[in-house]
């Protein structure tokens, strides 16, 4: 990192000035840790102004800032994407039609890597889709069901995040970002994903059971009438 960038960070309030001994400035391990923190957050897309606000909110604690930003990223994305060739996708779903592939890319379920390679963003969802394809469900219908599910899940995610913002973040913000309040915000953020996931799974199991009983029951009645 250039001396010019170091001085720019100091002028923005991102980095404390060095200890001066005569005309020489000495930087400590704490300075190094702060520079590494800034570089990591910039790589994740955080602007310098946002980094400055986060550092100020955490009373200068690099560890607290890292914990906060990692809590934003990690709990909500614990699947490891898997790289797959287009030919393998076509074989697994018994389809060479371009529409299902284009729709999967549009929904963010796949990420194009070039040279006929794709990244499965949600491998677990893809395993479920492959199981359904083996049962004879066409690829186009699978993608459209995924689109419907994504729409509803987006709404559920927005609802849980609204609870967090309204009842945890906004009170913290209104109180002036007290240092002792940041811990509560972090705890709430780290609890948000397992809380939401557990709730959604439980409600889905209930809904799926009721829907299966109702739909299959009607199918059995239809079969009986035509028997």
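A short reminder: the numbers here are calculations on the coordinates, not readings from a lab. Since we're looking at a predicted model, the values are computed, not measured. With ideal geometry, Cβ positions are generated from the backbone for all residues, glycine too; neighbour counts draw on all protein chains shown.
Helical content alone sets the calculated 222 nm signal of the chain at -22000 deg cm²/dmol, taking -39,500 (n - 2.57) per DSSP H segment of four or more residues and averaging over every residue. Each part gets one Cα centre, and for segment 112-135 versus segment 168-227 those centres are 25 Å apart. By definition, a body whose alpha carbon gyration tensor gives a ≥ b ≥ c is prolate when a/c is 1.5 or more and a/b is larger than b/c, and segment 1-128 fits this prolate description.
Helix 123-134 and the long axis of the chain differ in direction by around 10°, with both axes built from C-alpha atoms. Between 155, 188, 196, the Gaussian network model of the chain with springs among Cα atoms under 10 angstrom shows the greatest mean-square fluctuation at 155. Within the listed set 34, 215, 103, the Gaussian network model of the chain (springs between alpha-carbon atoms below 10 Å) gives the highest mean-square fluctuation for 215. Sequence-distant contacts, meaning Cα pairs under 8 Å at least 6 residues apart, place the relative contact order of segment 82-225 at 17 percent. Relative to the longest principal axis of the Cα atoms of the chain, the long axis of helix 139-164 lies at roughly 40 degrees. Enter the angle in degrees (range 0 to 90, nearest 10) between the Cα long axis of helix 48-57 and the first principal axis of the Cα atoms of the chain, meaning the one along which they spread out most. Rounded to the nearest ten degrees, it is 80. When 143, 137 are sorted by how many other C-beta atoms sit within 10 angstrom of their C-beta, beginning with the fewest, the order is 137, 143.
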